[in-house]
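Input: a single structure, listed below in structure tokens.
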Amino acid sequence: IEHAAGNLKRERELARATLHAIGDAVVTTDVDGIVTYMNPVAERLSEHSRRNAIGRHIGNVFWSAQQVERDKAAQLIAQAVAENRPVRSPSYALLNKRLGDSYAVRITASPIDATDGTRQGVVLALHDVTENLSLSAQVAHQATHDSLTALPNRELLRDRTGDALAAARRDRAILAALFL
């Protein structure tokens, strides 16, 4: 019994250390979306302490001003439980911090099975993609705007002209362009 207890303690410490070392927010919930565990990254991201978050619905811990964004985690939980397989959100969820700052996360949900085979809950991994989206927007802006004046460049003109020509052809309209 002592050997088994020692092994269990080592496994528990290994799991704790792993969850604390991961760069993503990790949250476990029951099948109804009630939070049962959060790692430190999840605490920082949600701005809720583990003690404050446990027992609350995931949509109240990772909050958004838009209902559709709040519901994304709950929908993934339901899908993971129903299909008994890991599922990943097709798009990012735009969530809000307490002071109104927003951040974007990509969510993956994996079901947790009890020893009797029933669904016990779900593990959610929330990967913060805010910086990636910001960098993508910066690159897109740099590709279509002059670096000195920040005015639209020829590439943007070419793109918008192509869109306007396609719309004019589709609508059988006349298009005029003035070049100064």
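Values in this text are rule-based calculations from the coordinates and carry no lab data. Just so we're clear, the structure is a prediction, and the values are computed from it rather than from any experiment. FYI the Cβ positions are ideal-geometry reconstructions off the backbone, even for glycines, and counts take in every protein chain you see.
The table below gives the values:
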| item | result |
| --- | --- |
| Cα gyration tensor shape of segment 1-40, rounded if a/c is under 1.5, else prolate or oblate by comparing a/b with b/c | oblate |
| Check: segment 60-107 dipole with +1 on Lys, Arg Cβ and -1 on Asp, Glu Cβ, in debye | 120 |
| Where Rh is the Kirkwood radius over Cα pairs, Rg/Rh for segment 31-174 | 1.17 |
| Farthest positive-ward along the chain dipole, Cα basis, beta-carbon charges - from Thr130, Val31, Ser46 | Thr130 |
| Rough spin-label spacing in nm, given labels placed 7 Å along Cα→Cβ, for Gln75 and Arg10 | 4.5 |
| Fluctuation leader among Gln75, Gln138, Gln120 - the chain, Gaussian network, Cα springs under 10 angstrom | Gln138 |
| Over the chain: helical MRE at 222 nm, DSSP H runs n ≥ 4 each giving -39500 (n - 2.57), nearest 500 | -14500 deg cm²/dmol |
